[in-house]
Amino acid sequence: MIRIAKKIVGLAGLARFALCVSVMLGALAVPTVARVATADTVSLWVMDNGIGSKNALHRLVKKFYRETGIPVKLTVLPWNEAFYRITGTFADSIAVAPDVIQLGSTWVPHFASLGYIRPIDYLMSEIDSARFLGEGLRSSHISGRPETYSVPWFIDVRGFFVNERIWQQLGFDDSDFESYSHVLGVLKTIANSDLTTAEGVKITPFALPGKDDWAGQQCMAPFVWSHGGDFVVPSGKGYRSALLDSNTLVGLALYAKIMGDAQMAPHSVYENSADNADGFVRSERVIHYGTSELIKQLDYPVEAGGLANSAIAKDGIKVLNLPSGPNGKFSFMGGSHLALGNKRKSSKSALAEHLLAYMLRADNIDAFSRQVGFLPADRSILHIWNRDLRYSKLVAELEHCRSFPNIPEWGEVEKILIDLSNNMGTLFANTKNKKKRSAALAKLVYDANTKINEVLAHSDSLNYAETLHWIQHIFLNEYKETYPKNATNIIGRNEMPTADEIKYKVVSSRFLLASLGAGFLVLGVIVVFVVRRRKKKSR
């Protein structure tokens with residue numbers, strides 16, 4: 001990891017040169033576009049990508065108009081409405097569909113399978129697809145098909161963030177977070193530290209989204225993947241659910257263990273992802289599994305909706321290395337792509353292609369990403385971002401990131417996984433008995449597995465009772481934790497001995513009892529011997 005990071009930093013100078021060349025080449029291409037300029041307006045649909053995104057987009061389209069003479073009508077959609085708005089617009093024969101459109105990376109196969117976006121393979125040499133990460137480009141295809149339907153625009157990567165002041169105050173080291181057993185030890189150690197904020201609010205270790213959330217599947221992913229599991233896997237000519245695979249169940253069991261623990265993540269059953277982030281921003285939570293734009297928000301004042309005056313801005317954010325499981329370390333990588341709408345009237349196709357190529361130019365990707373804080377999808381820009389210590393660890397960890405399967409059915413599968421995570425939260429809020437919890441959890445996972453297979457048109461013949469027993473057995477298995485070396489100093493009392501310490505105490509106790517027993521036996525023999533000798537002498 002360190003060697004890779006150094007290599008990336010070493011390439012930064014070359015990357016900066018490449019960026020300049022790319023900018024110059026983009027500028028050289030402008031006259032060609034200008035010659036075909038027309039009064040026709042090109043429509044661009046994007047989502048609200050956070051603070052700074054609207055201003056950045058307005059600047060980009062104004063710059064495009066100055067360079068080409070092509071006007072752009074910009075439409076910004078809220079994320080929670082975008083999918084249905086796009087679907088309804090393309091399905092309506094009368095509605096005016098967009099020429100260029102932003103899509104969530106997992107949406108691309110779905111809209112491509114419906115014919116709402118068109119293949120752009122003929123443009124890939126001009127755009128230079130080699131600039132983009134392979135994992136990002138995977139989402140631009142439908143699994144098993146060669147056509148390219150989109151190009152990555154920015155990357156939405158999750159990482160483990162920590163409150164730097166509290167982390168240092170507790171004396172933790174990066175090695176204390178190197179595996180999931182270490183993660184459990186750290187969370188339990190923080191829970192027992194009795195830390196409070198300046199306002200007297202108890203500081204909690206962590207939180208997972210367990211109520212009315214939309215990102216549970218993203219939070220589940222590192223736990224599942226790091227233990228060798230997955231959500232769906234290839235089967236025959238299609239896919240099947242992998243929720244009941246043993247490795248997946250172990251990862252889900254760990255996820256559930258943390259979510260349902262009243263000390264490690266006490267607010268999970270009441271919060272969604274936004275609430276999780278808010279608790280971290282208020283410095284009421286030590287660790288947060290979040291996305292990179294949180295770092296950029298620290299640059300914006302509160303008047304602009306930013307976090308410059310927040311508690312976490314004063315304490316500082318540190319990015320931790322991803323913890324390892326038996327199958328390695330993984331995190332979720334999503335993001336957004338740009339695609340061309342497959343419109344019935346193609347009179348503006350060439351203009352739309354010019355706008356798409358312009359938006360994906362290296363200088364424009366960099367300009368937009370720097371305003372919103374999502375990592376750029378362009379490799380050359382990433383080399384430059386790697387020089388910023390705030391983002392360098394996230395950039396270095398990209399090699400451990402995975403995206404979700406590029407299948408048209410993934411949207412429906414995702415909804416089932418989101419419901420599973422939210423149902424876990426409801427269960428933990430209402431059920432305290434451990435055996436009842438595990439039995440109910442087993443049923444939740446079994447039902448989710450059945451629903452996913454129905455979506456994927458995969459049939460299986462599982463024995464209901466035996467399968468439930470198998471799932472419950474794994475959920476009841478305890479995941480062993482490893483505590484930090486200075487855990488007893490942090491909590492101020494020796495409440496959490498390590499396994500070796502416990503073993504030593506047991507052995508020591510047994511040795512002491514054995515020694516005392518032998519001592520009393522020897523003493524008894526001596527007493528008997530002395531008494532008998534005295535009796536003989538008295539005779």
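Every listed requirement among (1) in the same structural domain as residue 224 (by TED's automatic domain parsing); (2) of a type outside the set (Gly, Ala, Ser); (3) touching a residue at least 24 places away in the same chain (Cβ under 8 Å) is met by residue 358 save one, (1).
The one condition from (1) over 30 Å from residue 170 (Cβ atoms); (2) among the small types (Gly, Ala, Ser); (3) modelled with pLDDT under 80 that residue 442 does not meet is (3).
Matching residues to (1) within 21 Å of residue 442 (Cβ to Cβ); (2) touching a residue at least 60 places away in the same chain (Cβ under 8 Å); (3) in the same structural domain as residue 208 (by TED's automatic domain parsing):
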| position | (1), (2), (3) |
| --- | --- |
| 239 | no, yes, yes |
| 245 | yes, no, yes |
| 250 | yes, yes, yes |
| 253 | yes, yes, yes |
| 259 | yes, yes, yes |
| 263 | no, yes, yes |
| 270 | no, yes, yes |
| 275 | no, yes, yes |
| 281 | no, no, yes |
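The residues listed here are 450, 467, 482; of these, the one that is in contact with a Ser or Thr (Cβ under 7 Å, 6 or more places away or on another chain) and in the same structural domain as residue 261 (by TED's automatic domain parsing) is 482.
Take residue 353 and decide whether it is of a type in the set (Asp, Glu) and within 29 Å of residue 365 (Cα to Cα). Outline the logic, then answer.
Values: of a type in the set (Asp, Glu): yes; within 29 Å of residue 365 (Cα to Cα): yes.
Judged against the criteria, residue 353 is a match.
Among the residues of segment 377-427, count how many are assigned to a loop (DSSP other than H, G, I, E, B) and in contact (Cβ under 8 Å) with a residue 24 or more places away in the chain. Final tally of qualifying residues: 10. For segment 87-140, a tally of residues being within 18 Å of residue 348 (Cβ to Cβ) and among the aliphatic types (A, V, I, L, M) returns 9. In the set (1) under 30 Å from residue 145 (Cα atoms); (2) at pLDDT 95 or above, the condition left unmet by residue 96 is number (2).
Going by what's in this entry, would residue 25 be described as of a type outside the set (Ser, Thr, Tyr), modelled with pLDDT of 95 or more and not in a strand (DSSP E or B)? Taking the combined requirement at face value, the residue does not satisfy it. Here residue 60 passes the criteria (1) in a strand (DSSP E or B); (2) more than 17 Å from residue 349 (Cβ to Cβ); (3) of a type outside the set (Val, Ile, Thr) except the one numbered (1). Scan segment 193-229 for residues that are more than 18 Å from the chain's Cα centre (by Cα) and not in a loop (DSSP other than H, G, I, E, B) and the total you get is 3.
Mind checking whether some residue in segment 99-120 is farther than 21 Å from residue 408 by Cα, free of Cβ contacts under 8 Å to residues at least 60 places away in the same chain and of a type outside the set (Lys, Arg)?
Applying the first criterion (farther than 21 Å from residue 408 by Cα) to segment 99-120 yields 99.
Still in the list and also free of Cβ contacts under 8 Å to residues at least 60 places away in the same chain: none.
No, that holds for no residue.
When you scan segment 474-489, do you find a residue that is among the hydrophobic types (A, V, I, L, M, F, W, C), exposed (fewer than 13 other Cβ atoms within 10 Å of the Cβ) and at pLDDT 90 or above, even just one?
Taking every residue of segment 474-489 in turn, none turns out to be among the hydrophobic types (A, V, I, L, M, F, W, C), exposed (fewer than 13 other Cβ atoms within 10 Å of the Cβ) and at pLDDT 90 or above.
Could you list, in sequence order, the residues of segment 44-75 that are free of Cβ contacts under 8 Å to residues at least 24 places away in the same chain and of a type in the set (A, V, I, L, M)? The one that is free of Cβ contacts under 8 Å to residues at least 24 places away in the same chain and of a type in the set (A, V, I, L, M): 61.
The values are calculated or read from the model by the stated rules, or taken from the named source; none is laboratory data. Keep in mind that this is a model prediction, so the values were computed, not measured. Virtual Cβ from ideal backbone geometry, glycine too; neighbours counted across all protein chains shown.
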